[in-house]
Amino acid sequence: MKVKFLDLKAQYDSIRSDIDAAVARILDNCSFIGGPDVAGFEAEFAEFQHAEHCVGVANGTDAIEIAIEALQLERGSEILVPANSFIASSEAVSRGGHSVVFCEPTADQYTIDPEDVARRITERTAAIIGVHLYGNPCDMTALRTLADRHRLAIIEDAAQAHGAEWQGRRVGAIGDIGTFSFYPGKNLGAYGDAGAIVTNNSDLAKRCRMIANHGRIEKYNHLFEGRNSRLDGLQAAVLRVKLRSLDSWVSRRNEIAFRYRAQLGDVTELVLPGAVANARHAYHLFVVRTPRRDELKSFLAEQGIETGIHYPIALPDLPAYQHMRDSRTPQRASELAPQLLSLPIGEHLSDEQVDYVCAAVRAFFHEGVAASTDAIAHSVAS
Ligand SMILES: *Cc1c(COP(=O)(O)O)cnc(C)c1O
């Protein structure tokens, strides 16, 4: 049996007529930049994320950079970033003229550890970037307490967390400002690069919109120097179609996660991802942990099962950050990196495929690498 990690073609096939109609509409009315679909998507996504404002931008990395710029922090401020994320989370800090301060993730949730955040706050700290890594909401209550005490801004990097909830609230606008990526492989993906910023603060929303569009007040009148980072009409039209399915896709991801937990929970050598009480995980990724990660990955590949690694190198260990290493550089992200494996998850998977993955993982741990694909298929069937 083949189990794909991601199947954008299957997803397209399931919504093909709506997508084709949306794309045809944009080609017909030539609203390539701006226009009714961009405005429509912004309104619909704001509503979906329980945010007052949504500003479409060109990608998720720009979203973080623009959010940071809009906060108007003092130049050279320190911004706390988890040591385990995609580089965009920290890159945006440096590119904005600020200093990255890496923080430890927690050992069970892999999201930024509020206790470590507390230890790293200084007089120069201005903001915390909470990354809802893998779709798992970070502890927004603890971050809010720290942010209030030290007058820090909270930026939520929700690039992996469309549809995730923290205590009944959708992530993104729980902090001061939140950012999303619609990179094609994300839970809500465009057919190219796209991103968005959400916030309940209308001044911030207005500034983001201006920064993303050359500081423009009217066509050729500019209040300040901004940049070009706009969401285009084609992407907005595609996103509007897909947004209608997002909730059911996230629910399906949760069902699959439940299935993995039910069948893999007793495998002692495997650590399953921590589930936060009172939160809805978006399960962009289902990340398991074992010291035998590389062996497990190749074993699953031999059984036709694709897996991923997020991320092979912790941020402080990247060549890009060697200049910042010192005795306080976080350790845990580096220890976790070689042990984490992302199992396939997504609405493209059938229960049968998930059971097949579980049987293969069990075979790896209980019966060694000798089990053949046939034996696994047989154990699933019986
Ligand atoms: C994907 C991602 C980004 C960047 O989004 P792009 O749209 O690719 O620029 C930022 N942060 C995290 C955590 C991501 O996963």
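Observations
- Given charges at Cβ of Lys, Arg, Asp, Glu: the chain dipole, positive-most of ASN228, LEU270, THR329: ASN228
- With 5 Å bins from 0: P(r) over region 113-249, alpha-carbon pairs, percent: 2, 9, 16, 18, 18, 15, 11, 7, 2, 0
- Only lysines eight or more places from LYS2 in sequence, or on another chain, were considered; those with a Cα closer than 23 Å are LYS186, LYS297.
- About the Cα centre, charge dipole magnitude for region 152-248 (Lys/Arg +1, Asp/Glu -1 at Cβ), debye: 300 debye
- GNM flexibility winner over the chain from PHE180, PHE365, PHE45 (Cα, springs under 10 Å): PHE365
- Cα lying deepest toward the dipole's positive end in the chain, options PHE86, ASN59, GLN72, charges on Cβ: GLN72
- For the chain, convex hull of alpha carbons as volume per residue, Å³: 137 Å³
- Selection of trypsin sites (Lys or Arg not before Pro), region 1-79, meeting DSSP coil and at most 16 other Cβ within 10 Å: LYS2, LYS4, ARG75
- Between the residues GLY130, THR111, LEU246, the greatest Cα displacement towards the positive end of the dipole of the chain, with unit charges on the Cβ of Lys, Arg, Asp and Glu, is found for GLY130.
- Close amide H contacts of THR125 (hydrogens built in the peptide plane, cut-off under 5 Å, sequence separation of 5 or more or a different chain): GLU78.
- Cα gyration tensor shape for region 51-180, rounded if a/c is under 1.5, else prolate or oblate: rounded
- Nearest-20 debye value, region 118-201 charge dipole, Cβ charges on Lys, Arg, Asp, Glu: 240 debye
- Restricting region 62-107 to GluC sites (Glu not before Pro) in coil, as DSSP defines it, with at most 16 other Cβ within 10 Å: GLU74
- Karplus (6.51, -1.76, 1.60) ³J(HN,Hα), θ = phi - 60°, over region 84-97, in Hz, Gly and Pro reported as x: 10, 7, 7, 4, 3, 4, 8, 3, 4, 5, 5, 5, x, x
- Where only DSSP H runs of four or more residues are counted, the chain gives -12500 deg cm²/dmol as its mean residue ellipticity at 222 nm, each run worth -39500 (n - 2.57).
- Computed magnitude of the charge dipole of the chain (debye, nearest 20; Cβ of K, R +1, Cβ of D, E -1): 480 debye
- Under 5 Å between amide hydrogens, built in the peptide plane, is the criterion, and for ALA282 it picks out ASN136 among residues at least 5 positions away or on other chains.
- For region 223-233, Karplus couplings with θ = phi - 60° (6.51, -1.76, 1.60), whole Hz, Gly/Pro x: 6, 8, 6, x, 7, 10, 8, 10, 7, 9, x
- P(r), alpha carbons of region 173-238 - 10 Å bins starting at zero, rounded %: 20, 42, 34, 4
- Relative counts (whole %) of C-alpha pair distances in region 25-81, using bins that are 10 Å wide: 19, 38, 29, 12, 3
Every read-out reported here was derived from the displayed coordinates using simple, explicitly stated rules and does not represent laboratory data. It should be emphasised that the depicted structure is a prediction, and the values quoted were computed from it without experimental measurement. When we count neighbours, we look across all protein chains shown, and the Cβ atoms used for this are built from the backbone with ideal geometry, even at glycine.
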